[in-house]
Amino acid sequence: MTTTAPTRTADVCVVGGGPAGLALALCLVRDGHRVTVLEQSARFDRSFRGESMSPDGVWLLDELGVLATLRERGLLTVERLEISEGGRPVLRTEFDRFRYAQRFPMEIPQPTLLRTLSEAAAEHDGFTLLRGQKVTGLIEDDGVVTGVTHRGPDRPGEVRADLVVAADGRYSKVRGMAGLPATVRPLERDVVWLRLPRPDGWDPASYRIRLDGDRHALFIPTHPDDVRIGFNIPKGGLRELRGDGIEALHRRIEALAPELSGPLRETVTGWAGTTVLDIFTTEVERWSRPGLVLVGDAAHTLTPILGQGVNHALIDGWTLAGLLEAPLRATGGRRRALVDTALLRFQDRRRRAVRISRDLQLRQERAFTLGGRVAVAARSGLYRALGSSGRLQERVLGRAYFQLQPQLGA
Ligand SMILES: Cc1cc2nc3c(=O)[nH]c(=O)nc-3n(C[C@H](O)[C@H](O)[C@H](O)COP(=O)(O)OP(=O)(O)OC[C@H]3O[C@@H](n4cnc5c(N)ncnc54)[C@H](O)[C@@H]3O)c2cc1C
């Protein structure tokens, strides 16, 4: 006996329940629209993903009405950024110097973020979240995307909607299904992540970047009392790293952070607790076609520098929802045309802000790979100049961190 796939209808069908998809869904259901989110994973428990939230992202979470709950559930506020080169400090920035309502980055575990966004959305009638459902294809009508097919553990299904949103992340399959070409640019490094208990006396309110020639590591305070470490390896260099054994990994980190030796050797006894982030950026020429739009990493994958990925994912969701508000209230044939125009406006509005972050990150990526004595000295000089000039800090860091919120007293 053949069973026909159950068909649901929604105003908007979102593929992917990450930060972009859930922020969009929350904003839309608050405005009274019907949204179905399809998420292939059955749970929100991701580790080593998007915990660093930039100040604009924090501001937006407040706008979305979830910041207070996130604070109750546990997060860390980061007050400063310190960069050292060959063991010597070259830059220290106190985020308190910036004049914005939310001036501090925060470390928010991604499972907590996703649970909080989805619970806030679930307070509204129009919200449906189907977990364990992988989107397998697009439904099209005369060149217009009108829905998706999906498959879960039991049987396949369909969702028909006025708009399909691909919020399916850095390896977006929906982008390919929609025929929207992407340029993927691999960068020179990959990053290996691991996590340790934070030793006593290790300031939990500092981001630390430690450089030594062409080697570097980020040390990020992590809720509740850990430190996340991300260190660079050459692109595709995991096999070689592993070949050198775990002792070589210990020595590698100890060279940059000798004070972490104890917890490092106690906690990281094998490769199981490590994960590799393939560093690349993705640029997409056209973010939409009739009936479908890309948001978040699917539209623009960034590098981990300055925690920009989640930030832009959230802002995408919020911006798109604002632009769709009136079009989704229209009826008849006008609705389709208005929605598609809103999609073009969305790309116009977001592309520039993403480019600013990407350009800053790419400059940093290049600086991180410098190895020669002269180049390293020039890099240190630049960081020192940045560290000693408040105006320069405002220009450089301010451009990445404060694109959205109004300046206080401006
Ligand atoms: C190891 C690592 C560390 C990172 N650290 C940081 C950080 O500290 N700060 C920061 O800002 N950013 C960080 N990022 C980047 C950040 O995680 C992303 O930029 C952000 O999560 C993008 O949000 P998104 O909603 O666009 O995509 P994602 O968070 O990737 O969400 C996409 C969702 O779509 C689902 N999905 C995919 N395909 C399908 C399908 N066919 N059907 C149904 N569902 C599907 C996935 O399961 C996933 O839940 C990190 C990324 C990685 C990999």
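The values are calculated or read from the model by the stated rules, or taken from the named source; none is laboratory data. If you're wondering where the values come from, they're calculated on a predicted model, not measured in any experiment. Positions of Cβ are generated from backbone atoms using ideal geometry, with glycine treated the same way; all protein chains shown enter the neighbour counts. These area figures cover heavy atoms from the full protein model, side chains too; ligands, DNA and RNA do not enter into them. Shrake-Rupley method; radii C 1.70, N 1.55, O 1.52, S 1.80 Å.
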Review point. Given the options ASP225, ASP142, ASP96, which has the most mean-square fluctuation in a GNM of the chain, springs set between C-alpha atoms less than 10 angstrom apart?
Key: ASP142
Revision key, fill the gap. Over all directions, region 208-358 yields a Cα convex hull whose mean projected area in nm² is 11.9
Practice item. Could you work out which residue, out of GLY317, GLY17, GLY381, moves most in a Gaussian network model of the chain, that is, has the largest mean-square fluctuation with Cα springs under 10 Å? Key: GLY381
**Study point:** Kirkwood hydrodynamic radius of region 122-198, Cα pairs, Å
**Key:** 15.7
Check your understanding: Among SER380, GLN403, VAL135, whose Cα sits farthest toward the positive end of the charge dipole of the chain (+1 at Cβ of Lys/Arg, -1 at Cβ of Asp/Glu, about the Cα centre)?
Key -> SER380
Revision key, fill the gap. Region 164-218 and region 278-336 have their Cα centres apart by a whole-number Å value of 19
Exercise for review: Using only Cα atoms, find the angle between the long axis of helix 390-401 and the longest principal axis of the chain, and express it within 0 to 90 degrees, rounded to the nearest 10.
Suggested key: 40
Review point. Among the GluC sites (Glu not before Pro) within region 94-127, which fall in a DSSP loop and have no more than 12 other Cβ atoms within 10 Å of their own Cβ?
Key: GLU123
Review point. Which of these, GLN308, GLN364, GLN102, has the largest mean-square fluctuation under a Gaussian network model of the chain (Cα springs below 10 Å)?
Key: GLN364
Revision key, fill the gap. Cα-based Rg and Dmax for region 99-165, in Å, come out at 17.1, 53
**Study point:** Among 392-405, 265-278, the order from most to least packed when residues are scored by Cβ within 10 Å on average
**Key:** 392-405, 265-278
Exercise for review: Heavy atoms only, probe 1.4 Å: what % of the accessible area of the chain goes to carbon and sulfur, would you let me know?
Suggested key: 48
Review point. When only Cα pairs under 8 Å and 6 or more residues apart are kept, what is the percent relative contact order across region 122-197?
Key: 19
**Study point:** Structure-based [θ]222 nm, the chain - -39500 (n - 2.57) summed over DSSP H runs of at least 4, per residue, nearest 500
**Key:** -11500 deg cm²/dmol
Check your understanding: Rounded to two decimals, what ratio of Rg to Rh does region 55-200 give with C-alpha atoms and a Kirkwood Rh?
Key -> 1.06
Practice item. Could you state the accessible area per residue of the chain in Å², with a 1.4 Å probe and every protein chain left in place? Key: 44
Check your understanding: Mean projection of the alpha-carbon convex hull of the chain over all orientations, in nm²?
Key -> 22.1
Check your understanding: If you average the sequence gap of Cα pairs under 8 Å that are 6 or more apart and divide by the length of the chain, what percent do you get for the contact order?
Key -> 22
